Structure formats: C-alpha cells, structure tokens
1. Do any residues in the stretch 68-87 that are aliphatic (A, V, I, L, M) have Cβ atoms under 6 Å from those of residues that are not in a helix (DSSP H, G or I), where the two are at least six apart or on different chains, and which pairs are they?
2. Mind checking which pairs have a first residue in the stretch 3-23 that is on the phi < 0 side of the Ramachandran plot and a second that is among the basic types (Lys, Arg) and surrounded by 13 or more Cβ atoms within 10 Å (Cβ to Cβ), Cβ under 8 Å, 6 or more apart or different chains?
Amino acid sequence: MLKKELEYYKKKLLDEKKKMLSDVHQLGKMSLNETTREGSGNLSSYVTHPADVATDNYEQEKNLDFMDNIELLLEEVENALKKIDDKTYGKCELCKKPIVPKRLKVEPYARLCMDCKKVEEGSRRK
C-alpha cells in the first residue's frame with residue numbers, strides 16, 4: 001500500500017477513534033451520573049413511580065451495552081493503527097490477501113477480506 005493511502009487510512013482511523021471516545025464519554029456521563037429524573041431537572045421529593053425506575057434502569061443498561069460495543073470497536077481501531085505502524089495494514093488476517101480499498105473506506109478497521117468475512121459469519125450462524 002502506498003504511503004499516501006496509509007496516511008489517509010490512519011487519519012480516518014484517528015478520526016473514528018476520537019468520535020468513539022467522545023461517544024463513550026457521553027454515554028458514560030448519561031448512564032452513570034444521572035437518573036432520568038435528575039437529567040430532566042425533576043428533583044422533587046415525591047416518590048418515583050416503579051415504571052420510572054424501570055425506565056431509568058433500562059436506559060442505563062442500554063447505554064452500557066452501547067459503551068461495550070464502542071469499546072470493542074475501539075480495540076479494532078487500535079489494532080488497525082498498530083498494523084499501519086507494522087506495515088501489515090490492509091491484509092486479511094486469514095488468507096493474507098489484500099483487503100479491497102472499497103471495504104477499507106467503509107470499515108477502515110476491517111481485519112478480514114469479504115470472502116473470509118462471509119465464511120466467518122457463516123460459521124457463526126451454525
């Protein structure tokens with residue numbers, strides 16, 4: 001891969017990383033620091049309805065799940081950045097063939113070419 005292409009993908013990965021870190025920070029703030037009641041400004045001393053508590057719990061769990069997914073993607077981004085430094089970026093981890101640029105533009109942290117990805121997904125469904 002040409003140096004100019006690697007610079008393009010590195011910038012794309014760093015931008016993706018920055019966005020993901022911001023998302024994790026926001027979700028963490030929303031799910032860990034505030035209940036829905038506090039976030040809405042309703043700080044009255046009235047008893048909270050059980051359905052409101054359940055909604056708060058659901059929202060917190062949903063945000064934590066999103067954070068987990070983002071953190072997994074962050075690991076993929078870090079792995080891709082390391083591959084750029086190691087000069088192995090853009091090669092499928094299974095068959096070692098180049099990953100087509102069209103795929104890398106959509107998913108710059110892709111580890112597998114489309115053929116190997118299809119095989120991997122097919123084996124998960126069984």
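Laboratory data are not the source of any read-out in this text; all were calculated from the coordinates shown. On a predicted model such as this, the values are computed, not experimentally measured, just so you know. FYI the Cβ positions are ideal-geometry reconstructions off the backbone, even for glycines, and counts take in every protein chain you see.
1. Val77/Tyr109; Ala80/Tyr109
2. Going by the 8 Å Cβ cut-off, there are no qualifying pairs.
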